[in-house]
Each structure stands twice: as C-alpha cells, then as structure tokens.
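A short write-up of the structure that comes next.
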Amino acid sequence: MTLVPISKRPADVPRPARCTHLRIDPRGYPIIATVGQGPGNVDFGTLSEQRKLALATFDLCAVCALPFGVELRWQVTFNKDELVRAKEALFGEAPVHEVCGLYASQVCPFVSSPYARLGDQWRKGMKRPEEVVLAGYRRTHRVYGQQSGLQTGTGVLHFQMKDLVKSHTLHNSGEAAEAYVRALETEPALDIDPQEQVIVELLCNPTAKEEEDSGGVMAGAAWYAGAAFCPGVHDVLGMDHYVKGESYLQLALQVLFKPGFSKDFADVDDAATRAAMNWLNSRSRLPAVLERWRQEGRRRFRPDSSRDTKSSTDLRKAKRKTRAASRRKNR
C-alpha cells in the first residue's frame with residue numbers, strides 16, 4: 001500500500017476513533033484534554049496543571065482523555081540519543097496514546113511543522129528542533145510537583161517514565177503521515193467502563209453552567225481520591241484553591257482512612273465528586289501512580305480516632321461542605 005501524506009488542514013485529517021468525542025474549535029483544531037478550557041476560551045498555548053493532575057489520577061491520555069489500559073504511554077521529545085541512553089526520563093507533560101501522539105504530529109502546529117517556533121514568554125521565537133521523537137514507555141513510574149525548568153519559582157507536575165519499549169523518529173511530514181496512517185490502521189479498540197466514561201465526558205465538556213474550566217472541577221474531585229498526597233503538589237501552579245481549602249485535605253483523609261466513606265460520599269450533589277468516588281469504588285486495582293500517592297498519604301498521616309467516633313456527624317458536615325463547594329469556582 002502506498003501511503004500519501006495527509007493534508008495539514010486539521011478538518012481534513014481523519015481522527016482516531018478514540019478522538020471523535022473531542023470538541024472542535026472554530027479553526028478545526030481538536031480541543032485536547034490537557035489544555036485550559038475556561039469559559040469561552042481555549043488556551044492551546046498553555047498546559048493546565050489542574051488537568052494534568054486529573055489525568056494522572058485517573059490514568060488518562062492527555063489528548064483524548066481515555067484510559068491507557070495495557071497500551072504504552074508516549075511522550076514527545078527532541079533528543080533521541082539522550083532518550084536511548086537514559087534508563088528513565090522525566091517530562092513536564094502528561095503521556096498520550098501512540099495514535100493520539102501521531103495524530104498530534106498531523107494537526108498540532110508545533111509538533112507537525114519543523115519550522116514551528118516556540119511561543120511561550122520564556123522561549124518566544126526560538127525554532128524547535130527539526131527531529132521529533134515519540135517515545136513509548138511501558139509505565140508512568142511517578143508523578144510529582146517540582147520547580148519548572150523554564151519558569152523560575154513556578155512548580156509544575158513532572159511525569160517520570162520508565163521502560164522505553166518503542167519510538168518513532170520523525171524528520172519530515174511524510175514520515176509523520178506514514179507513521180500516523182499505520183497507527184490508524186492498527187488502532188486498538190478501547191474498553192471503557194461506565195465510571196470512566198462519566199469522567200471522560202466531564203473532562204472534555206464545559207461545566208453545566210460554563211462558569212469555569214471543567215479540568216479545575218475534576219482536579220478538586222481528584223484531590224479527594226488521593227491527589228492531595230501527590231509529592232510537591234502544594235507548590236504546583238493552580239493548586240492554591242485546594243491547598244488553602246481545609247475541607248479538601250480533611251475529605252481526602254476520610255476517603256483514605258475510613259472504610260465505606262467513599263461509598264457514602266458518592267451520593268453528593270457535585271457531579272465531579274460523585275464521578276470520582278464511583279470510579280474509586282469500582283476499581284479492583286488502582287493506577288500505580290494514584291496508589292503510590294495514597295501510600296504516601298498513609299505514611300504522612302495517621303487516622304484520627306475522633307473521626308471514627310463521630311462518623312455520621314462528620315459525613316453530614318462533609319456533604320454540606322461539598323454541596324457548598326459545588327457552587328464555588330474550582331470546586
């Protein structure tokens with residue numbers, strides 16, 4: 001079969017089956033899961049740390065927001081030699097599915113063009129390297145917050161990847177198109193359960209009243225599920241609301257230490273919290289990153305016996321706080 005390079009007009013590029021649910025902006029670009037999506041504004045130039053936290057918690061792809069399952073987790077880099085030498089690699093972006101990463105190589109102006117220039121305030125005007133490498137890892141080993149290498153004094157989430165299995169080195173649009181067509185032809189079907197589907201829908205669509213980014217809402221729900229115990233998360237950009245809100249940590253501790261609390265907590269009015277708790281309660285095994293965070297929470301905190309003796313009172317208070325929080329921005 002002769003493979004023909006795909007048109008670079010985003011509307012003309014066939015989408016992977018797993019990306020067909022993504023909303024499209026007026027120019028035809030898919031609105032991927034990791035970019036900020038405030039009311040009436042999609043910021044393609046900035047990654048949302050709140051969204052990255054939610055994606056890491058629920059083990060979802062940064063493009064389509066669907067789960068990884070047994071598939072490799074892919075990252076974009078520009079130094080193949082360093083990639084091969086390293087036993088592990090650290091990235092400031094959340095990983096993606098292979099076909100989603102290759103789809104981005106067709107429609108994302110930065111990834112698809114060797115003439116693209118960086119647009120952020122720290123590297124504005126710098127030309128990106130000509131060679132793009134997509135690296136597929138077997139697992140995301142750790143996720144934690146630390147200072148950005150670009151933004152002095154600003155904390156961002158970092159993804160430590162391990163067990164490099166496969167890579168694509170793309171020198172030009174023809175190579176990128178060929179790799180993408182092959183990935184489309186072999187795209188595996190994803191088995192998504194109802195609890196995952198609800199989280200995906202919440203992440204990929206505006207909130208009911210369109211007053212805030214749904215990623216911020218889902219980050220708050222992820223906080224309860226265990227993201228509160230992510231190392232360094234308190235210093236990450238955009239997390240002040242959860243750090244300063246005392247109820248977030250208290251509720252996360254209730255979920256972590258009190259058997260059955262998450263089941264009762266799953267009937268709250270807030271859709272994001274309800275979805276996170278139903279997802280948590282339905283897992284026979286948690287994603288490795290989230291389980292590591294929860295182990296960190298057990299190490300750092302000890303269950304408070306007073307919470308056990310006042311369980312019904314605490315539960316009523318927790319529900320009231322969550323209902324009130326659902327009416328505030330970034331609940």
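The values are calculated or read from the model by the stated rules, or taken from the named source; none is laboratory data. What you are looking at is a predicted structure, and each value in this text was computed from that prediction instead of being measured. We place every Cβ from the backbone using ideal geometry, glycine too, and count neighbours over all the protein chains shown. With ligands, DNA and RNA removed, areas are computed over all heavy atoms of the protein, side chains included. Shrake-Rupley method; radii C 1.70, N 1.55, O 1.52, S 1.80 Å.
Residues checked against (1) closer than 30 Å to residue 88 by Cβ; (2) under 16 Å from the mean Cα position of the chain (by Cα); (3) of a type in the set (Val, Ile, Thr):
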{"residue": "135", "(1), (2), (3)": "yes, no, no"}
{"residue": "161", "(1), (2), (3)": "yes, yes, no"}
{"residue": "167", "(1), (2), (3)": "yes, no, no"}
{"residue": "174", "(1), (2), (3)": "no, no, no"}
{"residue": "177", "(1), (2), (3)": "no, no, no"}
{"residue": "192", "(1), (2), (3)": "yes, no, yes"}
{"residue": "200", "(1), (2), (3)": "yes, yes, yes"}
{"residue": "203", "(1), (2), (3)": "yes, yes, no"}
{"residue": "225", "(1), (2), (3)": "yes, yes, no"}
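Residue selection: residue 196 fails the criterion of being more than 15 Å from residue 275 (Cβ to Cβ) and not basic (Lys, Arg). Reported count of residues in region 214-272, each being part of a helix (DSSP H, G or I), open to solvent by 10 Å² or more (accessible area, probe 1.4 Å), touching a Gly at 6+ places or on another chain (Cβ under 6 Å) and under 15 Å from residue 300 (Cβ atoms), is 1. Flag not set for residue 156, criterion: over 30 Å from residue 243 (Cα atoms) and either touching a Leu at 6+ places or on another chain (Cβ under 6 Å) or open to solvent by less than 40 Å² (accessible area, probe 1.4 Å) (or both).
Just to be sure before I move on: is residue 93 open to solvent by 60 Å² or more (accessible area, probe 1.4 Å), in a loop (DSSP other than H, G, I, E, B), within 18 Å of residue 47 (Cα to Cα) and at pLDDT 70 or above in the structure I sent? Taking the combined requirement at face value, the residue satisfies it. Consider region 163-196 and keep the residues that are modelled with pLDDT of 95 or more and touching a strand residue (DSSP E or B) at 6+ places or on another chain (Cβ under 8 Å). The one that is farthest from residue 34 (Cα to Cα) is 192. Of all the residues in region 216-251, those that are at pLDDT 95 or above, small (Gly, Ala, Ser) and closer than 19 Å to residue 280 by Cβ number 8. On inspection, residue 210 fails the criterion of being open to solvent by 10 Å² or more (accessible area, probe 1.4 Å), part of a helix (DSSP H, G or I) and out of contact with any helix residue (DSSP H, G or I) (no Cβ under 7 Å at 6 or more places or on another chain).
For (1) touching a Ser or Thr at 6+ places or on another chain (Cβ under 9 Å); (2) touching a residue at least 60 places away in the same chain (Cβ under 8 Å); (3) among the polar types (S, T, N, Q), each residue gets a yes or a no:
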position: 24; (1), (2), (3): no, no, no
position: 30; (1), (2), (3): no, yes, no
position: 35; (1), (2), (3): yes, no, no
position: 52; (1), (2), (3): yes, yes, no
position: 67; (1), (2), (3): no, yes, no
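Contact map, region 71-95: first residue hydroxyl-bearing (Ser, Thr, Tyr), second residue part of a helix (DSSP H, G or I), Cβ cut-off under 9 Å, separation 6 or more or different chains; pairs are 77/83.
Can you confirm whether residue 203 is modelled with pLDDT of 95 or more and open to solvent by 10 Å² or more (accessible area, probe 1.4 Å)?
no
Scan region 179-200 for residues that are more than 14 Å from residue 64 (Cα to Cα) and surrounded by 24 or more Cβ atoms within 10 Å (Cβ to Cβ) and the total you get is 1.
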